[in-house]
1. Quantify, in whole percent, the carbon and sulfur part of the accessible surface of the chain (1.4 Å probe; protein heavy atoms only).
2. For the chain, what is the relative contact order in percent, using Cα pairs closer than 8 Å and at least 6 residues apart in sequence?
3. Relative to the Cα centre, what is the charge dipole magnitude of the chain, using +1 at the beta carbon of each Lys and Arg, -1 at the beta carbon of each Asp and Glu, and rounding to the nearest 20 debye?
4. Rounded to the nearest whole Å², what accessible area per residue is found for the chain with the 1.4 Å probe?
5. Which loop chymotrypsin sites (Phe, Trp or Tyr not before Pro) in the stretch 1-92, with loop taken from DSSP, have no more than 13 other Cβ atoms within 10 angstrom of their Cβ?
6. Just want to confirm a number: the relative contact order over the stretch 30-89, from Cα pairs under 8 angstrom separated by 6+ residues, in percent.
7. Which one, 70, 4, 53, is farthest towards the positive end of the dipole of the stretch 1-100 when Lys and Arg carry +1 and Asp and Glu -1 on their Cβ?
8. Under a 10 Å cutoff between Cα atoms, tell me which one of 61, 13, 21 has the largest fluctuation in the Gaussian network model of the chain.
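The values are calculated or read from the model by the stated rules, or taken from the named source; none is laboratory data. Here the structure is a predicted model, which is why all the values come from computation and not from measurement. Here the Cβ positions follow ideal geometry from the backbone for every residue, glycine too, while neighbour counts run over all protein chains shown. Ligands, DNA and RNA are stripped out before the accessible areas are found, and what is left, the full protein with its side chains, is counted by its heavy atoms. Shrake-Rupley method; radii C 1.70, N 1.55, O 1.52, S 1.80 Å.
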Amino acid sequence: CVSCHNVTAADGTVIVRGGKTGPNLFGVIGRPVASVPDFKYGEGILALGATAAIWDEAGLTTYLADPTAYLAEKTGDAAAKSKMTFKLAKGENVAAYLASLGQ
């Protein structure tokens, strides 16, 4: 995850130093999908965000396993794509870790 994402608390405390290609993951659990200000999301995730979807652990875990398939299913658009090309299909529970960090 750190090649594209960082985890930085609202007060600026860096929890996990990482890239800025992807949005900050601090507080992602419980946050509306595609809602980090000034981040340039792709059309597929924006379409999901427009439905008022909220990230929860189960949804984020499923998304991480296959982002494009998740967006296609959740938006009902078979052509929906994700800019995130990485798949976390081995069952690592990154979502639980991110939830443990709080908001």
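1. Values: 3490 of 6140 Å².
Percent of accessible area from carbon and sulfur atoms in the chain: 57.
2. Numbers: 165 pairs, mean separation 25.6, N = 103.
Relative CO of the chain lands at 25 percent.
3. Working: 9 positive and 9 negative charges, 58 e Å.
Dipole size: approximately 280 debye.
4. Values: 6140 Å² over 103 residues.
Dividing the accessible area of the chain by its residue count gives 60 Å².
5. Numbers: sites: 26, 39, 41, 55, 63, 70, 86; in loops: 26, 39, 41, 55, 86.
Those that pass, being in a loop and sparsely packed, are 39, 86.
6. On the way: 76 pairs, mean separation 20.9, N = 60.
Computed value for the stretch 30-89: 35 percent relative contact order.
7. Towards the positive end, the residue furthest out is 4.
8. Result: 13 has the largest fluctuation of those listed.
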